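Student: I'd like to ask some things about the structure below.
The values are calculated or read from the model by the stated rules, or taken from the named source; none is laboratory data. For clarity, every value in this text was computed on a predicted model and none was experimentally measured. With ligands, DNA and RNA removed, areas are computed over all heavy atoms of the protein, side chains included. Shrake-Rupley method; radii C 1.70, N 1.55, O 1.52, S 1.80 Å.
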Amino acid sequence: MDNPANIFHRYTRAQALEDGTLTSANIGDLAAVTAQHFALTPIPPVAVAFYLMAAMRAAARDGFDLTGIWHDILVVATAASNPPLNGNLARVFYDCLSNGPRRWSCTVRIGGHDQTVIIDIGPGDEGEPVVTVMTPHDD
């Protein structure tokens, strides 16, 4: 698969947002919380993958605050992505592990359950920086 000519189909991030496999966290209910956690202007595109969004919505149906859950996930993501500033905070308190230069897996509480969440900072469809937050089932 080193040769781009061998790729028979490309499923883009834009297509995933369109079909609901990804949900934008830059618009709707999550937008204000997303904006609070990114000091960059403009805010990079941030998306929540299908299974994580489903778990967050299920917790909200059980009486938990959707934006509060998202806030907690972004606190963990911030701690994991900035080890010099946060020391061992992410590793000790959130059981975060680095899975590469811009990818972390952490344990967070969603509703009444612990959930492994993967935070991936990578290139988008056009090489732009994007953030995707997902569960191992989404990966």
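Student: Please list, in chain and number order, the residues 5+ apart from residue 110 or on another chain whose amide H is under 5 Å from its amide H, with Hs placed from the backbone.
Tutor: HN-HN under 5 Å from residue 110: 115.
Student: For residue 17 and residue 58, calculate 0.36 nm times their separation in residues minus their Cα-Cα distance, and state this gained length in nm to one decimal.
Tutor: On the way: separation 41, 0.36 × 41 = 14.76 nm, distance 2.00 nm.
Contour length minus the Cα-Cα distance gives 12.8 nm.
Student: Over the heavy atoms of residue 10, what accessible area does a 1.4 Å probe trace out, to the nearest 10 Å²?
Tutor: My reading of the accessible area for residue 10 is about 140 Å².
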